[in-house]
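The values are calculated or read from the model by the stated rules, or taken from the named source; none is laboratory data. What you see is a predicted model; the values in this text were computed from it and never measured. When we count neighbours, we look across all protein chains shown, and the Cβ atoms used for this are built from the backbone with ideal geometry, even at glycine.
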């Protein structure tokens with residue numbers, strides 16, 4: 001049976017899908033040239049939106065597996081790094097190209113790398129935790 005904590009996390013994360021869907025409407029305005037962007041911004045906005053959707057799903061799946069298998073700490077706690085990556089990576093893609101006609105990403109691109117680290121810790125923790133149950 002799913003724990004109350006995992007059910008609450010799942011409920012919160014599923015509600016964030018509304019924000020991701022809204023981001024999709026922004027992306028549609030970008031690709032139809034209703035929002036002025038350069039090529040760098042358009043590609044980073046696409047990457048941010050894609051990473052948000054995929055990582056939210058991966059985070060939900062990892063949370064379910066770890067919870068249902070009864071994985072113990074610290075592996076269970078570190079698995080939340082997947083959901084943290086679902087915040088950090090898209091934020092890095094979007095925020096690193098804000099402004100008028102940026103030619104390269106700004107320093108906030110570091111959020112993408114922090115997200116990649118968080119994702120790695122999260123999936124390795126989930127994997128090791130599941131293999132040691």
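Residues in the stretch 96-106: is at least one at pLDDT 95 or above, part of a helix (DSSP H, G or I) and either crowded, with 18+ Cβ neighbours inside 10 Å or more than 15 Å from the chain's Cα centre (by Cα) (or both)? No, every residue in the stretch 96-106 fails to be at pLDDT 95 or above, part of a helix (DSSP H, G or I) and either crowded, with 18+ Cβ neighbours inside 10 Å or more than 15 Å from the chain's Cα centre (by Cα) (or both).
One residue stands out in the stretch 2-40 among those that are more than 22 Å from residue 91 (Cβ to Cβ) and in contact (Cβ under 8 Å) with a residue 60 or more places away in the chain: the one that is surrounded by the most Cβ atoms within 10 Å (Cβ to Cβ), namely 6.
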